[in-house]
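Accompanying notes for the structure given below.
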Amino acid sequence: MNWARNKAGGCVAAVLLACSYTVAWADDASPFDPQQHEGTQQLVDELAAQGIPRQWLTNTLNQANYSQSVLDAMEGAAERRLRWHEYRDIFLTQQRIEEGADFIDEYENALARAEEEYGVPREVIAAIIGVETYYGKHKGRHRVLDSLATLAFHHPVRGGFFRGELVAFLKIAHEQGVEADELYGSYAGAMGYPQFIPTSYQAYAVDFDDDGKRDLWENPVDAIGSVANYFAVHGWQRDGAIYHEANGPDSVPETLPMNQTSKPVVTAAEAIDAGIESQSTLEPELLVVPLRLELTDDSIQYRLGEYNFYVITRYNHSHLYAMAVAELSEAIAQQVEG
């Protein structure tokens with residue numbers, strides 16, 4: 001899921017009330033009816049003032065449903081509960097690797113153009129889409145409108161953040177002339193082939209096939225260009241490495257930040273001083289992300305991420321996610337070559 005825009009943000013003063021609404025409505029009433037719901041009424045007023053028709057907003061929000069399953073799913077993300085070997089096994093399957101190679105073959109021209117324009121390797125773009133939606137096969141089973149309305153007005157901590165995503169989603173749906181209640185995505189409101197949340201859709205989606213619209217729901221070419229654009233904007237280094245295999249001690253070095261998703265601050269020389277040394281030659285001043293990964297037999301695998309590893313974590317703030325994308329991209333490239 002695309003969480004690079006994942007701003008910590010709970011309920012600020014302006015939306016404290018909205019974040020604390022209880023689930024109570026008549027059986028025949030919409031739980032988010034702006035005529036009955038203060039939070040959605042404020043939202044309608046806000047967007048109507050920006051030029052979106054008030055009746056369209058009211059009709060759309062009247063179709064939103066509360067979803068307890070969305071709130072429950074927010075508590076169980078795999079990145080927070082699995083060890084590396086468990087997480088890896090979800091994505092590094094032979095079928096996903098082979099279908100990644102097929103995806104590259106099918107969209108060879110678009111991927112080559114994205115690589116040339118943005119500097120992001122085709123196998124990395126394919127791996128992102130492969131991890132997110134299995135190359136478009138699984139784009140999500142939750143109505144985006146339901147997910148975002150529920151999270152905006154019922155999430156106990158991050159309602160303010162999701163209110164912003166609901167606003168962005170309504171703007172996108174209106175601008176593109178699509179039926180908001182017919183769009184499906186993840187429980188967190190991520191959408192389309194690359195699973196962009198709405199604010200990322202607004203900021204990074206591109207019309208890569210020049211048909212006049214940015215369509216990440218049904219157009220894999222637009223998705224390819226948008227993923228590459230997302231990485232480029234976040235500082236992807238053309239021809240740069242993602243990570244290096246390393247050797248390290250049995251116990252975790254206490255002097256180094258491990259498995260961080262912030263910008264690299266540790267030099268390769270400092271990593272060596274702490275007992276973690278790359279298996280390839282690195283410049284002593286190269287900034288790296290020290291990684292400690294748990295394997296099936298409880299042994300530890302060390303790696304050193306470069307800046308491009310950090311860029312992948314802008315998509316999803318998890319070192320496990322970034323490493324799964326990196327390994328899947330390598331496996332796809334090998335499949336293509338073989």
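If you check Ala78 against the conditions, is it among the small types (Gly, Ala, Ser) and modelled with pLDDT of 95 or more?
no
What helices (runs of 4 or more DSSP H) lie completely within the range 254-338 and have 3 or more residues being in contact with a Gly (Cβ under 9 Å, 6 or more places away or on another chain) and open to solvent by 10 Å² or more (accessible area, probe 1.4 Å)?
307-315, 319-337
Answer yes or no as to whether Asp250 is open to solvent by 40 Å² or more (accessible area, probe 1.4 Å), over 27 Å from the mean Cα position of the chain (by Cα) and free of Cβ contacts under 8 Å to residues at least 24 places away in the same chain. Working first, answer last.
Values: open to solvent by 40 Å² or more (accessible area, probe 1.4 Å): yes; over 27 Å from the mean Cα position of the chain (by Cα): yes; free of Cβ contacts under 8 Å to residues at least 24 places away in the same chain: no.
So Asp250 does not fit the description; no.
Might you let me know whether the range 41-48 holds any residue that is touching a residue at least 40 places away in the same chain (Cβ under 8 Å), touching a Leu at 6+ places or on another chain (Cβ under 7 Å), under 22 Å from Asn308 (Cα atoms) and not aromatic (Phe, Trp, Tyr)?
The answer is no; no qualifying residue exists.
I need the full set of residues from the range 174-186 which are at pLDDT 95 or above and either under 11 Å from the mean Cα position of the chain (by Cα) or assigned to a loop (DSSP other than H, G, I, E, B) (or both), in order please.
Leu183, Ser186, listed by residue number.
Matching residues to (1) more than 23 Å from Ala322 (Cβ to Cβ); (2) among the hydroxyl-bearing types (Ser, Thr, Tyr); (3) surrounded by fewer than 21 Cβ atoms within 10 Å (Cβ to Cβ):
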| residue | (1), (2), (3) |
| --- | --- |
| Leu166 | yes, no, no |
| Gly177 | yes, no, yes |
| Asp207 | yes, no, yes |
| Gly240 | no, no, yes |
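What is the number of the single condition among (1) open to solvent by 70 Å² or more (accessible area, probe 1.4 Å); (2) at pLDDT 95 or above that Ser20 does not meet?
If we test Ser20 against (1) open to solvent by 70 Å² or more (accessible area, probe 1.4 Å); (2) at pLDDT 95 or above, just (2) comes out false.
Inside the range 113-145, can you point out the residues that are open to solvent by less than 20 Å² (accessible area, probe 1.4 Å) and over 21 Å from Ala322 (Cα atoms)?
Val144, Leu145
The values are calculated or read from the model by the stated rules, or taken from the named source; none is laboratory data. The structure displayed is predicted, hence computed values, not measured ones. Don't worry about glycine lacking a Cβ; one is built from the backbone with ideal geometry, like all the others, and counts go over all protein chains shown. Accessible surface areas use protein heavy atoms only, side chains included; no ligands, DNA or RNA. Shrake-Rupley method; radii C 1.70, N 1.55, O 1.52, S 1.80 Å.
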